[in-house]
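What follows is one structure encoded as structure tokens, with my remarks underneath.
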Amino acid sequence: MEENGEKRWNFWGMGKLNPQSKTSIRGLLMKIWGSVNKDDPRPLLPLGHGDPSPFPCFRTTPIAEDAVVDSLRSAKFNSYPPTSGLQPARSAIADYLSRDLPYTLSPDDVFLTIGCIQAIEITLRALARPGANILLPRPCFPFYDSYASSINLEVRYFDLNPEKGWEVDIESVEALTDENTVAMVIINPGNPCGSVYTHRHLKEIAETARKLGILVVTDEVYHHLTFGPNPFVPMGVFGSIVPVITLGSISKRWLVPGWRLGWLVISDPNGILRKSGIVECITDCLNMTSDPPTFIQGAVPQILEKTGEDFFSKTIDILREVAHICYERIQEIPCITCPNKPEGSMFVMAKLNLSLLEDINDDTDFCLKLAKEESVVVLPGVAVGMKNWLRITFAVEPSVLEDGFGRMNAFYERHAKKQ
């Protein structure tokens, strides 16, 4: 058929996949990077995303590099892997995670994924029965909302309290839950808050979820990256109280996000998730997806078993140093305040005081102008559900962080409201 003399085709773009796509981290960062002045001779300072690997002080251990090389050269890992992952890798992950638990995980409890992102996708798809809803924290890593919206899984937000170390507002969770609520999500250590939950608070979350009849999805991609008074406690410790799905990866602790090796783990010693069919749904979803690279899976046992504490300690020492620099420098800039010193992960949330600024409309406008004038990229809080806040990444070289905050202070002075 023709229309106005042109061939008519029966296909066209569907437009935005979902309304949340416009506030995704990648989408906003691309917009901000696009505003950088290309004539600025100073280096661009990336304080907006969570990939420390480009910085020399955050290089992974040679143990991990050698494990990948050995896996490749063995010629044993060039084929397609099983749906749930190679058995030696699943066994190694089960042993690794069981060190922190009061029970022992089975390799059958472990499913390998393409990074933690795919673990999120599989989990949400497995839970998305018709009419279901899921509870997410505010602020939150925005991929949860975006993906849930794309599969018609309703999202409801409970608040995190910045004055109490970004703890979960339990009353908010209880008020949001109804007979169609299937799960609540927690992220610990916290992205974007830099929080680390205590054993007491995690137990309170578990007991609340049990009372409400919902499971807990715990995103622990930053597991053991803690440098404050609270040690990391996995939510799976409370798996006998409430069924837990644990999401994680080697991306952050080993500083290799590009290797794309994650896991979805059933932390449920009572077997409730198997009896309810959730594990079967997870397997069905994995049967329709791609797999993490086989040679990376082949390297996992060597990576987990041979990496020494000296590597982890070095990473923690650097994160503690840069987190301290970040917190101290924020105090020197009047228009931003930080309610808590970060204790884990690689981020901190800082509140923006627009009343002190002359010509800044909101957090996105602040970040766009900061990038244009100072070649510093930070993430607007709207991307993680907190308008007029900023998420700042401190997992960079200390000198880069110092330079970045110096430029941010100069930006403030230029835009400060005249008294």
Residues in segment 308-328 reached by a label modelled at HIS224 [backbone nitrogen below 14 Å; 7 Å Cα→Cβ]: 308-317
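Would you kindly state how much longer the chain becomes between ARG59 and THR283 on full extension, computed as 0.36 nm times their sequence separation minus their alpha carbon distance, in nm to one decimal?
Computed gain between ARG59 and THR283 is 77.2 nm.
Rounded, prolate or oblate: pick one for segment 232-304, where a ≥ b ≥ c are the square roots of the eigenvalues of its C-alpha gyration tensor, a/c under 1.5 means rounded, and failing that, prolate if a/b is larger than b/c, else oblate. Present the calculation step by step, with values, prior to reporting the outcome.
Details: a/c = 2.72, a/b = 1.39, b/c = 1.97.
Verdict is oblate for segment 232-304.
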Estimated FRET transfer efficiency (GLU174, VAL69; beta-carbon r; R0 41 Å; 0.05): 0.20
State the Kirkwood hydrodynamic radius of segment 315-419 in Å, one decimal place, computed from all pairs of distinct Cα atoms. 13.8 Å
Violating pairs (Cα-Cα greater than 29 angstrom) within the set LYS7/LYS31; LYS211/LYS252; LYS341/LYS369; LYS38/LYS341; LYS211/LYS387: LYS7/LYS31; LYS211/LYS252; LYS38/LYS341; LYS211/LYS387
Students sometimes get this wrong: rank HIS201, HIS224, HIS324 by accessible area, probe 1.4 Å, all chains present, largest first. HIS324, HIS224, HIS201
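Just to confirm a number: summing +1 for Lys and Arg and -1 for Asp and Glu over residues other than ASN161 whose beta-carbon lies under 9 angstrom from that of ASN161, what do you get? Each step should come with its number before you reach the end.
Values: positive: LYS164; negative: ASP159, GLU163, GLU167, ASP169.
Net of charged neighbours comes to -3.
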HIS199 - accessible surface, heavy atoms, 1.4 Å probe, Å² rounded to 10: 100 Å²
Give the aspartates and glutamates reachable from LYS164 as a straight Cα distance under 16 Å; neighbours fewer than 8 places away on the same chain don't count. GLU204, GLU343
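Suppose only helical runs count, i.e. DSSP H with n ≥ 4. What mean residue ellipticity at 222 nm does that imply for the chain under -39500 (n - 2.57) per run, divided by all residues and rounded to the nearest 500 deg cm²/dmol? Mind dumping the intermediate values first?
Numbers: 13 runs with 154 residues, N = 419.
Result for the chain, helices only: -11500 deg cm²/dmol.
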Segment 96-215: relative contact order in percent, alpha carbon pairs under 8 Å with at least 6 residues between: 22 percent
Ignoring ligands, DNA and RNA, how do MET30, MET346 rank by accessible area with a 1.4 Å probe, largest first? MET30, MET346
Let me have the relative contact order for segment 215-338, percent, based on Cα pairs under 8 Å that are six or more residues apart. 20 percent
For TYR222, what charge total do you get from the other residues with a beta carbon under 12 Å from its beta carbon, if Lys and Arg give +1 and Asp and Glu give -1? -1
Relative packing of peptides 41-51, 80-90 - highest average C-beta neighbours within 10 Å first: 80-90, 41-51
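Taking every DSSP beta bridge that has both residues in the chain, what percent is antiparallel when rounded to the nearest 5? Please list the in-between numbers first.
Numbers: 25 of 45 bridges.
Expressed as a percentage, antiparallel bridges in the chain total about 55.
If you place +1 on the Cβ of every Lys and Arg, -1 on the Cβ of every Asp and Glu, and leave all else neutral, what size is the dipole of segment 153-225 about its Cα centre, to the nearest 20 Debye?
260 debye
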Looking at THR198, ILE93, ASN188, which one has the Cα that reaches farthest to the positive end of the dipole of segment 90-215 (charges on Cβ: Lys, Arg +1; Asp, Glu -1)? ILE93
Would you calculate the convex hull of the Cα atoms in segment 249-352 and tell me its volume per residue in Å³? 180 Å³
Which whole-number percent of Cα pairs in segment 166-288 have a distance greater than 27 Å? 19 percent
With the cut-off at 17 Å, report for segment 90-184 the share of all Cα pairs above it, as a whole percent. 61 percent
Hydrodynamic radius of the chain per Kirkwood, over alpha carbon pairs, in Å: 22.6 Å
What share of Cα pairs, in percent, lie more than 18 angstrom apart in segment 217-265? 36 percent
Separation in nanometres of the label points that stand 7 Å from Cα toward Cβ, at ASN152 and PHE312: 4.4 nm
Which value, in Å² rounded to 10, gives the accessible area of CYS285 with a 1.4 Å probe and all protein chains present? 10 Å²
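So what is the accessible area of the chain per residue, in Å², with the probe set to 1.4 Å? If you can, show how the numbers build up before the last one.
On the way: 18340 Å² over 419 residues.
With all protein chains present, the chain gives 44 Å² per residue.
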VAL377 long-range amide H proximity, modeled H, under 5 Å: LEU45, LEU47
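Ignoring ligands, DNA and RNA, what percent of the accessible area of the chain is carbon or sulfur (1.4 Å)?
Values: 9450 of 18340 Å².
C and S fraction of accessible area: 51 percent.
Net charge around GLY271, counting only other residues with Cβ within less than 13 Å of its Cβ (Lys, Arg = +1; Asp, Glu = -1)? Walk me through the numbers on the way to the answer.
Details: positive: ARG274, LYS275; negative: ASP108, ASP109, ASP268, GLU280.
So the environment of GLY271 carries a net charge of -2.
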Using a 1.4 angstrom probe with every protein chain in place, what is the largest-first accessible-area order of TRP259, TRP389, TRP9? TRP9, TRP259, TRP389
Length gained if ARG200 through ALA132 is fully extended, taking 0.36 nm per residue and subtracting the Cα-Cα distance, is 21.6 nm
Could you compute how much accessible surface GLU305 exposes when probed at 1.4 Å, giving the result in Å² to the nearest 10? 130 Å²
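About the Cα centre, and with charges only on the beta carbon of Lys, Arg (+1) and Asp, Glu (-1), how big is the dipole of segment 63-114? Nearest 20 debye, please. Mind showing how you got there, number by number?
Details: 4 positive and 7 negative charges, 35 e Å.
Value, rounded to 20: 160 debye.
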The chain: relative contact order in percent, alpha carbon pairs under 8 Å with at least 6 residues between: 24 percent
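The values are calculated or read from the model by the stated rules, or taken from the named source; none is laboratory data. Predicted, not measured: the structure shown is a model, and the values here were computed from it. Here Cβ is always computed from backbone atoms with ideal geometry, including for glycine, and neighbour counts include all displayed protein chains. Side chains included, ligands, DNA and RNA excluded: accessible areas come from the protein's heavy atoms. Shrake-Rupley method; radii C 1.70, N 1.55, O 1.52, S 1.80 Å.
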